[in-house]
Amino acid sequence: MAEKIIEKIFQISVTEPVVDCMISEGKTLYRLSPFLELDLAYRIHCDTSEKLIFQYLTDCWQRAQEEDKILEDSEEIIEGEQKTMISEVVTQTKALCVKYCKTHLRSLLRSWRLPLLRLIFPEIKGRGKKISREFMDDMFGDNEDIDNLTPIFERLYDELTSFGNHFHLLDFEDSLQALLFLVNFPIGAKSLAGHTRWIPYHFIRNKAPIFERTSILGLFFRVTALPLCSLFRNEGPLISDFSDFQLLSSFSTIKIFTNRLYDGLAKVLFILLERPDTRENVLEYVGEVIRFSADPMDDNTLEAGTLVSVSAVMLRLCEPFLDANLTKRFDPKYLHCSNRLKLSGLAARRISSSEEVYKWLDSKYPAKAEGINQYNDAQQSQEASSSHDEICERFFLTARVLNLGLINAFIEYEYLVQVDSACGKGDRELELHQFYSSKMLRYEAQLLEDNKLIGNALSFDRLMIVWMLDLVGGAKMPLPPIFPMEFAALPQFFVLDAMEVLIFASRIPKALDGVMLEEFMDFIVMFMASPEFIKNPYISEKMVKVLNCWMPSKSLSTTATLFEGHQLSLEYLVRNLLKLYVDNEFTSSEVEFKDFHRHIAELLEYLWQVPSHRDAWRQIVEEEEKDVFLNFLNFLINNSIRLFDESLHQIIDLKTRLILRTSASFNEFIKIKKSIRVVIGWASEHLRLLAFASEHFTAPFLLPEMVESVASRLNHFLLQLVSPQSQYITLEDHESYESRPKNLLKQIGRIYVHLARGDTKSVFPAAITKDSQSYNDKVFFAAANVLNNIIIDDGYERIIREFIRLGAKVRVAALEAEAMYTEATLGEIPNEFIDPLKGTLMKDPVLLPASKMIIDRSVILGHLLSDQNDPFTGFGLTADMLKPVGELKERIEEFVRSRTNNNES
């Protein structure tokens, strides 16, 4: 019976006994006769087709496998010694097939013309019969046969790279499954990590594009929907042959395939990371990805699509420790001793770029020598890795990859949206619109539709935020007086990247639903207005932008509870927004103040609608009306004027160009017109917040140090809006500019009336008349007429009536002012009584400690609202440093009384 089974398996006629019997330790052993192996060798030799030989051997193994199963099911038919003999013969038959397959494959290694990969995986790039995976397990699972199997694996990986240049988004899966199958074997994992094309140093010559196309994993990572960056790579991956229409209709398909790609590559790397002998190779590979992308000024970087793919896979590698409780913590020392992260160029981009931080870093982690070679770099990174657990290194490498890959893709998409929205309707602009829209579609296909990618990024950044909060003692206020150096020395991008992910996710419907955002809110409230902890105001600007995206009126997810039920938010958010607005002005930061302040304005208006925040508003005004809130009001008014005047200058420029018919291109006119629209929108937003503040918090506007400044600026607005010479009045086509001067005038009217309502001491009309530059009776009268002609809505009639009554009070105040303390009525005023800045009679003289100058209190307090320095020396100055000069004040008052009495006589 054994002969019949052998003939069936090998499809040969046997002429010699196929089984030899031996006795060992009283037990009968059965083995195949050497004659059978000769018959099998002859059978193979007669077949000249290399492909058929391999197929024949695998078919033999499969038939032997089937006989083995038949034998298991035939207990009642075949029993005892006969069954034992047949079982051993079948087992040895399968081993013989495997042996000859290995021999055959090794013989093929000498010929590069024969595709070894397609012999083993015929489904790749072809329609061949799929070979049993059980057979391949039998053939490649022998860990003792390293010398014979390693060359075979190396050849298979070589051939896999030859297919890689033809991968695209809809045709990579068979090759990826082959890679995943091979790497599951210990020998396969070691062969992959040790392959010359794992990191092909002999090919890349420090060229990122070559690294992408020659490293085994790089061929898979570069499969993407994103557009290619350079003409050098026009052979590229992908879906570039899709039309925009096809691309739009394929979003779900692209999402499915990209996630299959990410999942497969993550499985490959998980396998390698779990093995001590291949773990370092994975970390080294990620380090090379970072090295080729760390310099943003270098054109020699990896493609955006490659970096997004690496980002997505690295996030999957972090999933095991992204649990809901976020119990994992990491040693920040790794950041300062690993060369893999390439942070040396980010020395000035620490969270707190203070001298103390740099001294601490130099003392604890001496600067590395310049020009360190690649070998020492790798050696130092390996030493750093050995002193930190692999999970720690995986976390920080992921953070750096995200910074270079996914975050840059978010920023690039945002840029494309802005540029595309700025395109007009001209022929050239329509071409640009089509170009940018096409690129945007590719980003949307790969990023916006991938909920798993965004969800993983949010989970990762939540862990990052919680870890950073732990470094400063947890989520609590106030912050510690001395900040921990471990926190201060962190890279800025740890915070900035988390904010970018939140901003991007906020634009995707329901992307934030179910995401725990409380820790993010803790961090933002704690650090948004803490320049002693976070030096870069651009980080604060991003935090404000996140909050603005979370406002219920803008958010596509449920975020209202973050404002209405979050403890730190209820206690500190309004206070910190006001402080941030003021700090940004005092520091003269490079942050684009227009968007930044607009976002703060919108947030403050929203928070006033939340009762608990309204109480915080009132408390701030009552407790600090001569501090943060006064500074805030002053800068709010100044910025309103600045934006208003900027739009006026642009209008004049545009009208001049049109009148003179200059040679400016059509696109230049379009650009100016759009700029006018944007700037006027910003000015209107500031005026709206000013109207809101003047309605609810009138008293600070009417303080001696504020009231004259406020009045003169309001007069300036009126003059520009209603005087016959106003460029706003003569501006045609207001709707296309969105200037709507009547709407601006309505806001100004509201502010005048709000202040008049709260003016219990009647100081406001007099302050209006003191403005000799912008105020005159005719302007007020003209403004009242314009307001009367505005279509009445939302109860504005009362505002108009009160504005007219205010105008009457102002006329009376102007008449009274003519008889006030002037040089004509008081006579010559002694120089020591005259304010050195304004040249007016002082009422409450104070001494400045640095310059020793004496100045009127209201004048210097008004100066300190916008500049906290001594105006004569530039040294720092605050209100509590002013020293009253009582003796001089008494002499001034006596001088006024005596001169007034003389005049009355």
Sole miss for residue 488 among (1) in contact with an Asp or Glu (Cβ under 8 Å, 6 or more places away or on another chain); (2) within 16 Å of residue 392 (Cα to Cα) is condition (2)
If only one of 119, 180 is in a helix (DSSP H, G or I), surrounded by fewer than 22 Cβ atoms within 10 Å (Cβ to Cβ) and among the aliphatic types (A, V, I, L, M), which one is it?
180
The listed residue being within 24 Å of residue 331 (Cβ to Cβ) and at pLDDT 95 or above, out of 460, 483, 487
460
Looking across the range 785-798 at residues that are at pLDDT below 85 and under 25 Å from residue 701 (Cα atoms), the single one that is surrounded by the most Cβ atoms within 10 Å (Cβ to Cβ) is 787
I'd like to check which helices (runs of 4 or more DSSP H) are fully inside the range 351-409 and have at least 3 residues that are modelled with pLDDT of 80 or more and surrounded by 13 or more Cβ atoms within 10 Å (Cβ to Cβ).
355-364, 390-404
Quick one: in the range 597-651, of everything that is surrounded by 17 or more Cβ atoms within 10 Å (Cβ to Cβ) and among the polar types (S, T, N, Q), which residue is nearest to residue 679 (Cα to Cα)?
647
Taking the range 188-215 and keeping residues without any contact (Cβ under 8 Å) to a residue 24 or more places away in the chain and within 31 Å of the chain's Cα centre (by Cα) leaves 204, 210
Can you tell me which residue is nearest to residue 122 (Cα to Cα) among those in the range 143-165 that are in contact (Cβ under 8 Å) with a residue 40 or more places away in the chain and part of a loop (DSSP other than H, G, I, E, B)?
165
Any idea which residue in the range 555-566 is surrounded by the fewest Cβ atoms within 10 Å (Cβ to Cβ), counting only those that are assigned to a loop (DSSP other than H, G, I, E, B) and touching a residue at least 24 places away in the same chain (Cβ under 8 Å)?
558
Specify which of the listed residues (494, 487, 460) is over 26 Å from residue 361 (Cα atoms) and part of a helix (DSSP H, G or I).
460
Flagged in the range 846-868 as open to solvent by less than 50 Å² (accessible area, probe 1.4 Å), closer than 22 Å to residue 830 by Cα and outside any strand (DSSP E or B), in numbering order, are 848, 851, 858, 859, 860
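Okay, residues lined up against (1) surrounded by fewer than 20 Cβ atoms within 10 Å (Cβ to Cβ); (2) at pLDDT below 85; (3) in a helix (DSSP H, G or I); (4) not β-branched (Val, Ile, Thr):
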residue	(1), (2), (3), (4)
91	yes, no, yes, no
99	yes, no, yes, yes
124	yes, yes, no, no
139	no, no, yes, yes
Go through the range 499-523 and count every residue that is without any contact (Cβ under 8 Å) to a residue 24 or more places away in the chain and either part of a helix (DSSP H, G or I) or open to solvent by less than 10 Å² (accessible area, probe 1.4 Å) (or both).
0
What about residue 569, is it outside any helix (DSSP H, G or I) and either within 21 Å of residue 517 (Cα to Cα) or in contact (Cβ under 8 Å) with a residue 60 or more places away in the chain (or both)?
no
Flag if residue 174 is over 35 Å from the mean Cα position of the chain (by Cα), open to solvent by 10 Å² or more (accessible area, probe 1.4 Å) and over 30 Å from residue 295 (Cβ atoms)
no
Residue 541: in contact (Cβ under 8 Å) with a residue 12 or more places away in the chain and surrounded by fewer than 21 Cβ atoms within 10 Å (Cβ to Cβ), yes or no?
no
Just to verify a result, which residue in the range 869-895, among those that are assigned to a helix (DSSP H, G or I) and basic (Lys, Arg), is nearest to residue 838 (Cα to Cα)?
889
Within the range 531-550, work out how many residues are within 22 Å of residue 483 (Cα to Cα) and among the hydrophobic types (A, V, I, L, M, F, W, C).
4
Give just the number: which of (1) modelled with pLDDT of 80 or more; (2) over 19 Å from residue 156 (Cα atoms); (3) within 60 Å of the chain's Cα centre (by Cα) does residue 49 not satisfy?
(1)
Of all residues in the range 697-718, count the ones that are β-branched (Val, Ile, Thr) and in a helix (DSSP H, G or I).
2
Is the range 196-213 home to any residue that is within 20 Å of residue 106 (Cα to Cα) and open to solvent by less than 30 Å² (accessible area, probe 1.4 Å)?
no
Selection from the range 173-214 of residues touching a Ser or Thr at 6+ places or on another chain (Cβ under 9 Å), closer than 18 Å to residue 287 by Cβ and β-branched (Val, Ile, Thr) yields 199, 204, 214
Residue satisfying all of: in the range 316-347; charged (D, E, K, R) and assigned to a helix (DSSP H, G or I); least open to solvent (accessible area, probe 1.4 Å) among these
316
(1) at pLDDT 90 or above; (2) assigned to a helix (DSSP H, G or I); (3) surrounded by fewer than 20 Cβ atoms within 10 Å (Cβ to Cβ) all hold for residue 220 apart from (3)
Do you know which residues across the range 266-315 are aromatic (Phe, Trp, Tyr) and either open to solvent by 50 Å² or more (accessible area, probe 1.4 Å) or modelled with pLDDT of 95 or more (or both)?
270, 285
Of the residues in the range 774-808, those that are over 12 Å from residue 718 (Cβ atoms), in contact (Cβ under 8 Å) with a residue 24 or more places away in the chain and in a loop (DSSP other than H, G, I, E, B) number 2
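The values are calculated or read from the model by the stated rules, or taken from the named source; none is laboratory data. All of these numbers come straight from a predicted model, not from anything done at the bench. Neighbour counts run over all protein chains shown; Cβ positions are idealised from the backbone, glycine included. Surface accessibility is based on the protein's heavy atoms, side chains included, excluding ligands, DNA and RNA. Shrake-Rupley method; radii C 1.70, N 1.55, O 1.52, S 1.80 Å.
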